[in-house]
Each structure stands twice: as structure tokens, then as C-alpha cells.
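Reviewing the structure listed below.
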Amino acid sequence: MRSETNPLLLVLDGNSLLHRAYHAAATGRLLDRDERPVWALKGLVGYAARAAAQFRPDAVVIGFDCPHESVRTAAYPAYKAHRPEKAADLAVQVVEAPDVLSAAGLTIVSPRGLEADDVLASCAATARRAGWRSMLMTSDRDAFALIDDTTSVFRIRNGGFDQAVLVTPSALFDQYGVRPTEYRDYAALRGDPSDNLPGVPGFGSATAARLLRRFGSVEAAWTAWDNGDDQSIRDLVGPRAADHFGSGAAREIMQRNRSLMTMHDDLAVPDPETIRLPVRLSVMKAALSARGIILGPSLWALTGGAPPPDGAAASVVPHAWLRRTPRARRQPLPGQLALF
């Protein structure tokens, strides 16, 4: 990992975190003075504030999906087609979030036709070129393919921020048995039900990991197959999975899944040097309070204030989790439902 003295860019997946905040606080149903729902918006700002207090980034970006069109859906109409319509009180917060957060002084990127994942990938690449580290905050696993020595993923899971995990190259290997450079092939083989992308029949998580540990890539395994070494693959993954793997259909599935899962890392995103924190506290509080979102001391790390004396800046689960042995990391912490 690049030195901790290198500046840190925190990049949030706005859509995934809005969804998680919406469901986490739906029972409270916070409304502004015009009776508009704002609890997911408040939750997203809270995620940014807590992550800033925990990790002390030097700059923050929040990425959002394009609300108007999708190049992935155009290429494969079934992409995410199984998902139900968003609840109206969530949909309105998704639409309003970029403008509200931009008015609060935060840097927002919503690329035409693309997704927040593409913003994460492009920000990680930009940070790396600039000599920065990056931390990608999301509730999705797709970003695991972006992990490297300068890029980590802070994944929000059930239980919210306190049950999140910080995923590094070693932590990813401990949990899945694959390296970040192998993760896209791993996901493409296994498929992604959340995006309506079936995988190669016979390949679950364990089978995909075994193949990649042995061959390093799907191409290397196909080369072995095409050169007559199909028996080693049959011995490794079993006859059913091997028969599917050697078929032309599997190659079409892999091509489709890889294409849709590959994140664009060449978007024009801000140079992190130009968006360094702090955000002006008066600007942030005015923009948020105009929508009935009242936050005070918790904004200190985003706005250049001093840590409050109540221990809000103390380390939480991610740092404690990283200090555990590799074997212990495979087990959830007390009260934690799952690591990944």
C-alpha cells in the first residue's frame, strides 16, 4: 500500500448508499417543511461525514448514475430489468440528491449514460496517476475489481456504518480466494443476480475461485481446454461445470458479462488537488437546513473543524477488523451478519 502520508480521495457511490440509507431510516420518514422526504439524503450526508471523521480524506467525490439513459441497458436490455420500480419517496430523493449535495459544497459527478461505478473507477485511476490513495465507499461488490495497492473499498453492509468492512487486496483474497485482478472474471463466471446477469452454468463462488486459482484467468483455462487439457479442468470443477465451460455459450456469457461489468476508468473527473477539503461549514449547513436536514458537530471532518470531545472520531469496526489475523477476518465480528 502506498504510504499513508499520500493524500486520500474518498469516493462515494451515491446511488447505492442512498438506497441503503433509505431502507435504514424509512421508519423515521424525515420530511422537510414542504413535506418532501429527505431521510435518505440525510443518511447519505451522514455516511460521508462519518467516513471523513474515520479516515480523514483530503478530498471527497460523490458519484451518481445517469438518471436519463444507460449505455449498458442499450447494449443488453435485460440489464437490471428485473428490478422493481423505486418507491416514489426514494425516487424523488435520488433525483434531488446531486443538486442538494452540490449546493452543500460537495463535488458531484454524474456521467451521461453511465453509472456511479464508472465514477469510482475513474476517480481511482485519476488518484493513482496523481500520487493519491483512494477509498471507494459503496454497498456493492462490483468495486472489488478496482482494488489495488493504492485503492481500497469501504463496503457498507447490513447494520450500516458500524458493520462496514474495509476491503484491501489481502482481505479480498482471504474471503474469496481471488486477487483483485481476477475478480471480474470471477464475477462474470458466477454471474450477478442483482444486475440480472446469469453466469456460466455450474459455476458458483467456490468453483469460479478454484478455476482462477489454478489458471489465473479464464483465457488461460480456455487455452488449456483448446489444447486438449480438458481433463484437468474436469478434475478441478467437475464434469457438469466443465462441459458448460467448454461450450460456445460460455464464451458468449463471459463476453457479455465482462463487457457490462467493466467500469469506465477514463471519465473526466476532477483533479483531486482542485477539490481538497474543507467545505465551508456555513454553505453546507445552509444548503442542508433548507431541506430540513440539521447536522452540526458531525460535519467537522468535512468542514475543517476540530473533532468533538465525545469520541466521535474514535476508530470503529474497519480498523479493528484489519488488525485481526487473516483466519480471524473470515469470521464476522460480534453482531455482524456477514463480511461481504
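What residue, among those in the range 46-79 that are in contact with a strand residue (DSSP E or B) (Cβ under 9 Å, 6 or more places away or on another chain) and basic (Lys, Arg), is nearest to SER194 (Cα to Cα)? Per the criteria, the residue is ARG50.
Assessment of the range 118-130 against the conditions (at pLDDT 95 or above, surrounded by fewer than 17 Cβ atoms within 10 Å (Cβ to Cβ) and assigned by TED's automatic domain parsing to the domain that holds PRO272) yields at least one matching residue. Here GLY228 fulfils each of the conditions (1) part of a loop (DSSP other than H, G, I, E, B); (2) assigned by TED's automatic domain parsing to the domain that holds ASP149 apart from (2). None of LEU211, LEU172 is within 24 Å of the chain's Cα centre (by Cα) and either farther than 22 Å from SER152 by Cα or not basic (Lys, Arg) (or both) except LEU172. Within the range 136-177, the set of residues being assigned to a strand (DSSP E or B), under 18 Å from THR262 (Cα atoms) and acidic (Asp, Glu) comprises just one member, ASP148. Checking each residue in the range 186-219 for being more than 13 Å from ARG258 (Cα to Cα) and either of a type in the set (D, E, K, R) or assigned by TED's automatic domain parsing to the domain that holds ALA143 (or both) picks out ARG210, ARG213, ARG214.
Out of all the residues in the range 92-109, is one or more assigned to a helix (DSSP H, G or I) and either under 30 Å from GLY199 (Cβ atoms) or touching an Asp or Glu at 6+ places or on another chain (Cβ under 7 Å) (or both)? Yes. Only a single item in (1) touching a helix residue (DSSP H, G or I) at 6+ places or on another chain (Cβ under 7 Å); (2) of a type outside the set (Asp, Glu); (3) modelled with pLDDT of 95 or more is not met by PHE161, and it is number (3). Can you tell me which residues in the range 105-116 are among the small types (Gly, Ala, Ser) and either within 15 Å of VAL60 (Cα to Cα) or buried (at least 20 other Cβ atoms within 10 Å of the Cβ) (or both)? Listed by number, the residues that qualify are GLY105, SER110, ALA116. Could you check how many residues of the range 61-104 are surrounded by 17 or more Cβ atoms within 10 Å (Cβ to Cβ), more than 21 Å from the chain's Cα centre (by Cα) and not β-branched (Val, Ile, Thr)? Residues in the range 61-104 being surrounded by 17 or more Cβ atoms within 10 Å (Cβ to Cβ), more than 21 Å from the chain's Cα centre (by Cα) and not β-branched (Val, Ile, Thr): 2 in total.
Restricting the range 228-284 to residues that are among the aliphatic types (A, V, I, L, M) and touching a Lys or Arg at 6+ places or on another chain (Cβ under 8 Å) leaves a set whose member that is surrounded by the fewest Cβ atoms within 10 Å (Cβ to Cβ) is LEU236. Taking (1) out of contact with any Leu (no Cβ under 8 Å at 6 or more places or on another chain); (2) over 27 Å from SER282 (Cβ atoms); (3) touching a residue at least 60 places away in the same chain (Cβ under 8 Å) in turn, ALA75 satisfies each apart from (1).
Listed by position, the helices (runs of 4 or more DSSP H) enclosed by the range 231-329 that each have at least 2 residues that are modelled with pLDDT of 95 or more are 239-245, 248-261, 281-289, 300-303.
Could you tell me how many of the residues in the range 112-130 are closer than 19 Å to ASN6 by Cβ and not in a helix (DSSP H, G or I)? The number of residues fulfilling the criteria is 1.
Consider the range 194-207. How many of its residues are closer than 17 Å to SER247 by Cα, of a type in the set (Gly, Ala, Ser) and within 21 Å of the chain's Cα centre (by Cα)? Residues meeting the conditions: 1.
The values are calculated or read from the model by the stated rules, or taken from the named source; none is laboratory data. The model shown is predicted, which means the values in this text are computed figures rather than measured ones. Glycine also receives a Cβ, built like all others from the backbone with ideal geometry; neighbour counts cover every protein chain displayed.
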